Amino acid sequence: MRNLIDINSLENGIPRKLLDTAKFYKNQGRGLLEGAPLLGRTLAMIFEKPSTRTRISFEVAMTELGGSAIYLDSKSMQMGRGETIQDTAKVLGRYLDGIMMRASKHETLLEMASHSNIPVINGLTNLSHPCQILADIMTFEENRGLIEDRLIAWIGDGNNMANSWIHAACIFNFSLNIACPKGRLPNPNIISWAESKNANINITEDPLNAVKNADAIVTDTWVSMGDNSIKNPKKVFSKYQVDEKLFKNAAKDAIFMHCLPAHRGEEVTKDVIDGPRSVVWDEAENRLHIQKAILSWAIADKLI
Ligand code: CP
Ligand code: NVA
């Protein structure tokens, strides 16, 4: 089954091929793609949390590949009033060609995948965000060249995006410095997995130290959707704001990355996110091209 649960659960070589395919689709331009590779195919998009980019990029990607997408708010499905994931997965498989799910708990996504006879794609969970990280790697490489052997600095919460950056560091062979407050470290199992792969990942509490010579500084919201565990985010994270001062310690041509939505004046200053180093709009756009690659691989087994 061609599921995308996380990039480290993909067969060797597939993450790079997804990037190449996305680049190919980007070069084809917008509109219906030649050959309409997903003609007559339908994707369900189930959301347990809000979304702008993920929902729209997946829906447009299906349209431009010749297929269609159905938006489903989990609360308005029978799932929302107790129908099991198992029964839902079995029913969906009778109508559809793929499921993209944004789940509050990663376990829900795994359960959906374990009962599904059609591909399941992770559209963000509390643990990870694989579609976003692929778009981010694509964006880094468009702006700064191959990511292999480069240094990325993650500043802020050790959240789902931080976890996906750890996966990416192992798969695409780059170094990752993570600066996060005590008690806000990335997932310990993912850290152990990275250690077992001899990944070059350094975790510190000091942002200045983490960004030294970095090719990109990456951050994300201080409070992820559905996370009620941080009582006073400002107190916990104020020293982790990405500002121009931090960039003085990074490589001269370092870029700024953020998966969005952003909170100016919290995790990043306006100067930085709206300034010349910022590639956040490219990241958002590349979600569309990456989704096309993921969908044509998962549903039609087509990669460049
Ligand atoms: N970056 C991202 O996944 O955005 P949405 O929450 O808007 O989908
Ligand atoms: N860490 C953020 C990412 C949003 C795309 C969240 O989970 O809310």
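Quick one: is F140 within 16 Å of ligand 1 (Cβ to nearest atom) and either open to solvent by less than 10 Å² (accessible area, probe 1.4 Å) or in contact (Cβ under 8 Å) with a residue 24 or more places away in the chain (or both)?
Spelling it out, F140 is indeed within 16 Å of ligand 1 (Cβ to nearest atom) and either open to solvent by less than 10 Å² (accessible area, probe 1.4 Å) or in contact (Cβ under 8 Å) with a residue 24 or more places away in the chain (or both).
Do the conditions hold for I290, that is, is it of a type in the set (A, V, I, L, M, F, W, C) and closer than 17 Å to M161 by Cβ? Walk me through how you get there before you give the answer.
On the way: of a type in the set (A, V, I, L, M, F, W, C): yes; closer than 17 Å to M161 by Cβ: yes.
Taking the combined requirement at face value, the residue satisfies it.
Residues to consider are A293, A284; find the one that is assigned to a helix (DSSP H, G or I), open to solvent by 10 Å² or more (accessible area, probe 1.4 Å) and small (G, A, S).
Only one candidate passes the filter, namely A284.
The rows are residues; the columns are (1) outside any helix (DSSP H, G or I); (2) crowded, with 16+ Cβ neighbours inside 10 Å; (3) touching a strand residue (DSSP E or B) at 6+ places or on another chain (Cβ under 7 Å).
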{"residue": "M161", "(1), (2), (3)": "no, yes, no"}
{"residue": "K182", "(1), (2), (3)": "yes, no, no"}
{"residue": "V218", "(1), (2), (3)": "yes, yes, yes"}
{"residue": "I230", "(1), (2), (3)": "yes, yes, no"}
{"residue": "V236", "(1), (2), (3)": "no, yes, no"}
{"residue": "D253", "(1), (2), (3)": "yes, no, no"}
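Quick check on I133: is it within 16 Å of ligand 1 (Cβ to nearest atom), touching a Ser or Thr at 6+ places or on another chain (Cβ under 7 Å) and either at positive phi or hydrophobic (A, V, I, L, M, F, W, C) (or both)? Show your work before the answer.
On the way: within 16 Å of ligand 1 (Cβ to nearest atom): yes; touching a Ser or Thr at 6+ places or on another chain (Cβ under 7 Å): yes; either at positive phi or hydrophobic (A, V, I, L, M, F, W, C) (or both): yes.
Answer is yes for this residue.
Out of N126, N122, which single residue is open to solvent by 20 Å² or more (accessible area, probe 1.4 Å) and either more than 11 Å from ligand 2 (Cβ to nearest atom) or touching a residue at least 60 places away in the same chain (Cβ under 8 Å) (or both)? Let's see the steps before the verdict.
Details: N122 fails: open to solvent by 20 Å² or more (accessible area, probe 1.4 Å).
Only one candidate qualifies: N126.
Here's the yes/no breakdown for (1) open to solvent by less than 30 Å² (accessible area, probe 1.4 Å); (2) in a strand (DSSP E or B); (3) free of Cβ contacts under 8 Å to residues at least 60 places away in the same chain; (4) within 16 Å of ligand 1 (Cβ to nearest atom):
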| position | (1), (2), (3), (4) |
| --- | --- |
| K26 | no, no, no, no |
| L43 | yes, yes, no, yes |
| S51 | no, no, no, yes |
| T54 | yes, no, no, yes |
| E59 | no, no, yes, yes |
| A69 | yes, yes, yes, yes |
| G80 | no, no, yes, no |
| T88 | yes, no, yes, no |
| Y95 | no, no, yes, no |
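The values are calculated or read from the model by the stated rules, or taken from the named source; none is laboratory data. Quantities reported herein were computed from a predicted structural model and do not represent experimental measurements. All Cβ positions, glycine included, derive from the backbone under ideal geometry; neighbour counts span all protein chains shown. Areas reflect the complete protein model, heavy atoms only, side chains present, ligands, DNA and RNA absent. Shrake-Rupley method; radii C 1.70, N 1.55, O 1.52, S 1.80 Å.
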